[in-house]
Protein chains: 2
Amino acid sequence: MSEITTESTQRNIALKIAYDGTHYHGFQRQPEFHGPTVQGSLESVWAKLVEEVVTLNTAGRTDRGVHATGQVVNFRTAARIPAAKIPKAMNSLLPRDIRVVDAQEVADSFHARFSARWKRYDYEIDNHTIADVFKRLYSVHVPVPLDWQRMQQAAQLMVGRHNFKAFSSVGGNSKTFERTLYVCQVTEHQGQIRITCIGDGFLYNMVRIIAGTLIYVGRKRIPPEAIPGILERGERKRGGPTAAPRGLTLSYVHYGEELPKDIFPEFYH
Amino acid sequence: MSEITTESTQRNIALKIAYDGTHYHGFQRQPEFHGPTVQGSLESVWAKLVEEVVTLNTAGRTDRGVHATGQVVNFRTAARIPAAKIPKAMNSLLPRDIRVVDAQEVADSFHARFSARWKRYDYEIDNHTIADVFKRLYSVHVPVPLDWQRMQQAAQLMVGRHNFKAFSSVGGNSKTFERTLYVCQVTEHQGQIRITCIGDGFLYNMVRIIAGTLIYVGRKRIPPEAIPGILERGERKRGGPTAAPRGLTLSYVHYGEELPKDIFPEFYH
């Protein structure tokens, strides 16, 4: 006898989410009450909307204070609301610092985390002597001059498949430290410096430690030539400090086969 | 006999100030306690720094929720701190949403308000269907499509010397309504619309009513050709609503003779 379940009537829905992480205790719902989380806000809005309890899978469990413009989540639902109507419906109930920017029905096999092929993070540094008040929540302020071209030289030495143990904090649950960085790029525009990392996976605090290390390179505390040695030795203490979470944004998660040129146009012209 | 005063030993100091107005009850110190103000914060930091009570003159008394990148204040002081050291000293004590970006010793006759010749305000509109979380505190979100070129047509009809009574709220203390707008320009970049107004003086809520009216023009509720008639009749009710304060920024105050081309390059190329 075959067991009849409701599974077959459930759809798999993926959402693209943007949030200002300033007021959240990270993405992931906390087992006990520690403060508001992005996941908790999304799940409770969904419950209000269709009276259904769901658990979200997420592409990247961003830390407290980290932002996103392109976070992706998925969940299974029996609710009949058309995917195209989900953003407006959820946004009407969500706090203004979280927005559902897109919703799609996806294949049953789709998992926001395990199906992800590449992720893009951007780390913003305000390098003006006096901090820009409008960027204070979304950048780290470094008032001393940074040599961003030197930082770019060092960033180029991070690109490729490496053991990134030196660029990870204890506390992550990764078994291996091998990751591929496709892009590690430092750009500058009117005193604002951006570090862009695109890779197949990121260790705990990896982008923030890369940012902290590149800031040390920009301040001439670490020479760019030291990067291969730091990677090779795998000792966390040889890098720079872990840069503050407010500078970090999860910008994009890619699920297709190839790294799409049109999504990262600035690295191809 | 000549009276000896301490006046002659006092210097006149001008400060350029930037602030995120989100958490302030306007610029002007309140007679009673209504909540924090930018002026109150600056004056109390100065008192802590040099143990001296001063009263600031200000170029523009921005309303609750309005921002500034180029606010100017001046005050007289007997303190000996060199002007060049004032920004760093005050910034070390100020909250992170207020920054002193410049300080100069100015002529005794200089008054931040009465010496000002031109002011520039920018009004930001987020015209994406779904609001950008990172602009939510610094823009008004208009989810319906705005025809910004139509708005620009209407804006051009505001330029010149006019009676702006129709574009002012009751509650201002201006005796005349004649003002000159040198620039009233609508620009668009990636779904973000900016209204820039440069003029010799602004009535109470004038830029916010211009913004609200131009938004109505963009939504096709008011035709651009109606602007001269609205100006002529001087009736507030014929314009659009007063747009929300969070979209407004006081960007620049000019004290020299001529409108400097290098400061507004975008209007001259």
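When segment B:94-121 is limited to residues that are within 14 Å of chain A (Cβ to nearest Cβ) and either in a loop (DSSP other than H, G, I, E, B) or small (Gly, Ala, Ser) (or both), the one that is nearest to B:Thr22 (Cα to Cα) turns out to be B:Asp97. Here A:Arg208 passes the criteria (1) under 19 Å from A:Lys175 (Cβ atoms); (2) charged (D, E, K, R); (3) surrounded by 22 or more Cβ atoms within 10 Å (Cβ to Cβ) except the one numbered (1). If you filter segment B:52-71 down to residues that are crowded, with 24+ Cβ neighbours inside 10 Å and of a type in the set (A, V, I, L, M), you find that the one that is farthest from B:Asp102 (Cα to Cα) is B:Val66. Only a single criterion out of (1) assigned to a loop (DSSP other than H, G, I, E, B); (2) at pLDDT 95 or above is not satisfied by A:Phe27, namely (2). Residue count for segment B:133-151, restricted to those that are in a loop (DSSP other than H, G, I, E, B), crowded, with 20+ Cβ neighbours inside 10 Å and over 23 Å from the mean Cα position of the chain (by Cα): 1. Scanning segment B:221-269 for residues that are of a type in the set (A, V, I, L, M), touching a His at 6+ places or on another chain (Cβ under 8 Å) and either part of a helix (DSSP H, G or I) or modelled with pLDDT under 95 (or both) turns up B:Leu231, B:Ile263. Of the residues making up segment A:161-172, just one is surrounded by 13 or more Cβ atoms within 10 Å (Cβ to Cβ) and free of Cβ contacts under 8 Å to residues at least 40 places away in the same chain, namely A:Gly172.
Confirm whether A:Val207 is closer than 30 Å to B:Pro95 by Cα and either touching a helix residue (DSSP H, G or I) at 6+ places or on another chain (Cβ under 6 Å) or touching a residue at least 24 places away in the same chain (Cβ under 8 Å) (or both). Here the answer is yes, as A:Val207 does meet what is asked. Might you check whether a residue that is away from chain B (no Cβ under 12 Å), touching a residue at least 24 places away in the same chain (Cβ under 8 Å) and within 21 Å of the chain's Cα centre (by Cα) occurs anywhere in segment A:40-55? Yes, because at least one residue in segment A:40-55 is away from chain B (no Cβ under 12 Å), touching a residue at least 24 places away in the same chain (Cβ under 8 Å) and within 21 Å of the chain's Cα centre (by Cα).
Here's the yes/no breakdown for (1) closer than 28 Å to A:Lys135 by Cβ; (2) more than 14 Å from the chain's Cα centre (by Cα); (3) small (Gly, Ala, Ser):
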position	(1), (2), (3)
A:Asn163	no, yes, no
A:Gly172	no, yes, yes
A:Arg179	no, yes, no
A:Tyr182	yes, yes, no
A:Val186	yes, yes, no
A:His189	yes, yes, no
A:Ala211	yes, no, yes
A:Ile222	yes, yes, no
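Annotation: A:Lys175 fulfils all but one of (1) surrounded by fewer than 18 Cβ atoms within 10 Å (Cβ to Cβ); (2) of a type outside the set (Ser, Thr, Tyr); (3) modelled with pLDDT of 95 or more; (4) part of a loop (DSSP other than H, G, I, E, B); the unmet one is (3).
Taking segment B:122-133 as the range and being more than 10 Å from chain A (Cβ to nearest Cβ) and either closer than 27 Å to B:Val73 by Cα or not polar (S, T, N, Q) (or both) as the test, the residues that pass are B:Asp122, B:Tyr123, B:Glu124, B:Ile125, B:Asp126. Filtered by the rule that a residue be in a loop (DSSP other than H, G, I, E, B) and basic (Lys, Arg), segment B:39-89 gives B:Arg61, B:Arg64, B:Arg80. Tallying residues that are without any contact (Cβ under 8 Å) to a residue 40 or more places away in the chain and not in a strand (DSSP E or B) within segment A:178-195 yields 1. Tallying residues that are assigned to a strand (DSSP E or B) and out of contact with any Leu (no Cβ under 9 Å at 6 or more places or on another chain) within segment B:159-172 yields 1.
I'd like to check something: does segment A:134-149 contain any residue that is among the hydroxyl-bearing types (Ser, Thr, Tyr), touching a helix residue (DSSP H, G or I) at 6+ places or on another chain (Cβ under 8 Å) and either more than 12 Å from chain B (Cβ to nearest Cβ) or under 26 Å from A:Asn12 (Cβ atoms) (or both)? No, segment A:134-149 contains no residue that is among the hydroxyl-bearing types (Ser, Thr, Tyr), touching a helix residue (DSSP H, G or I) at 6+ places or on another chain (Cβ under 8 Å) and either more than 12 Å from chain B (Cβ to nearest Cβ) or under 26 Å from A:Asn12 (Cβ atoms) (or both).
In segment B:67-88, the count of residues that are at pLDDT 95 or above, over 24 Å from the mean Cα position of the chain (by Cα) and within 14 Å of another protein chain (Cβ to nearest Cβ) is one or more. Note on segment A:56-66: among residues that are of a type outside the set (Val, Ile, Thr) and free of Cβ contacts under 8 Å to residues at least 60 places away in the same chain, the one that is farthest from the other protein chains (Cβ to nearest Cβ) is A:Asn57.
The values are calculated or read from the model by the stated rules, or taken from the named source; none is laboratory data. Not measured: the values here are computed from a predicted model. Heads up, the Cβs are rebuilt from the backbone with ideal geometry, glycines too, and the neighbour counts pull from every protein chain shown.
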